[in-house]
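Following: one structure in structure tokens, then a few remarks.
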Amino acid sequence: QVQLVESGGGLVQPGGSLRLSCVASGSIFSINDMGWYRQVPGKQRELVADITSNGRTNYADFVKGRFTIARDNAKKMVYLQMNSLKPEDTAVYYCKMMVWPNRWSQYDYWGQGTQVTVSS
């Protein structure tokens, strides 16, 4: 069984910064893409950023220039550095990893989510 656990969320003032972390554990043969998504009540979960196994990154337009995604393959971790935070960034943030538990299967796994609140 593969599990993802996020950390680093919390309350921050507009213009502030947070760094989210996500670590994978369990039976893992390899990990392909990693990503961060966010969701607010009444809205669909949306992509924030993702990163491929060779380090290629992709960002949603609303976070370009403010957020940075990175990964550490040895630690099986993905990070999201969030700078210049805005109230509209308030959401539950989820990490996702495309995991090969073995040579024959590939699945998307999700973390439990971590709350980010941007408010004065």
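Let me confirm the definition first: pairs of Lys residues in the chain, 8 or more apart or on different chains, C-alpha distance under 22 Å. How many are there?
7
On a 1.4 Å probe surface of the protein chains, which of Trp110, Trp100 comes out largest in accessible area, and what is the full order? Walk me through the intermediate numbers first.
On the way: Trp110 100, Trp100 75 Å².
Sorted descending by solvent-accessible area, the residues read Trp110, Trp100.
May I ask you to evaluate 6.51 cos²θ - 1.76 cosθ + 1.60, the Karplus curve with θ = phi - 60°, for each residue of region 86-92 and list the ³J(HN,Hα) values in order in whole Hz, giving x for glycine and proline?
Karplus values, whole Hz, x for Gly and Pro: 10, x, 6, 7, 4, 4, 8.
Over the chain, what is the relative contact order in whole percent, taking alpha-carbon pairs under 8 Å and six or more residues apart?
37
From the phi angles alone, apply the Karplus equation (6.51, -1.76, 1.60; θ = phi - 60°) to region 51-61 and give each ³J(HN,Hα) in whole Hz, x where the residue is Gly or Pro.
Here the 3J(HN,Hα) series is 8, 7, 5, 9, x, 6, 10, 9, 10, 5, 4 Hz.
Report ³J(HN,Hα) in whole Hz for each residue of region 74-85, in order, from the Karplus equation J = 6.51 cos²θ - 1.76 cosθ + 1.60 where θ = phi - 60°; Gly and Pro get x.
5, 8, 6, 10, 10, 10, 9, 8, 10, 10, 6, 5
If the chain between Ser25 and Glu46 were fully stretched, how many nm would it gain, using 0.36 nm times the residue separation less the Cα-Cα distance?
5.1 nm
Ordering Leu80, Leu11 by how much accessible area each has at a 1.4 Å probe, largest first, what is the list?
Solvent-accessible surface, decreasing: Leu11, Leu80.
State the three equivalent ellipsoid semi-axes of the chain, derived from the C-alpha gyration tensor as the square roots of 5 times its eigenvalues, in descending order and whole Å. All intermediate terms of the calculation are to be shown ahead of the outcome.
Values: eigenvalues 130, 38, 30 Å².
For the chain, the ellipsoid semi-axes come out as 26, 14, 12 Å.
Keeping every protein chain in place, order Phe67, Phe62, Phe29 by accessible area at 1.4 Å, biggest value first, i.e. largest first.
Final ranking, largest accessible area leading: Phe29, Phe62, Phe67.
With every protein chain present, what accessible area does Met82 have (1.4 Å probe, heavy atoms only), rounded to the nearest 10 Å²?
0
The values are calculated or read from the model by the stated rules, or taken from the named source; none is laboratory data. Note that the structure is a prediction, hence the values are computed from the model and not measured. Just so you know, the surface numbers come from the protein's heavy atoms only, side chains and all, with ligands and any DNA or RNA stripped out. Shrake-Rupley method; radii C 1.70, N 1.55, O 1.52, S 1.80 Å.
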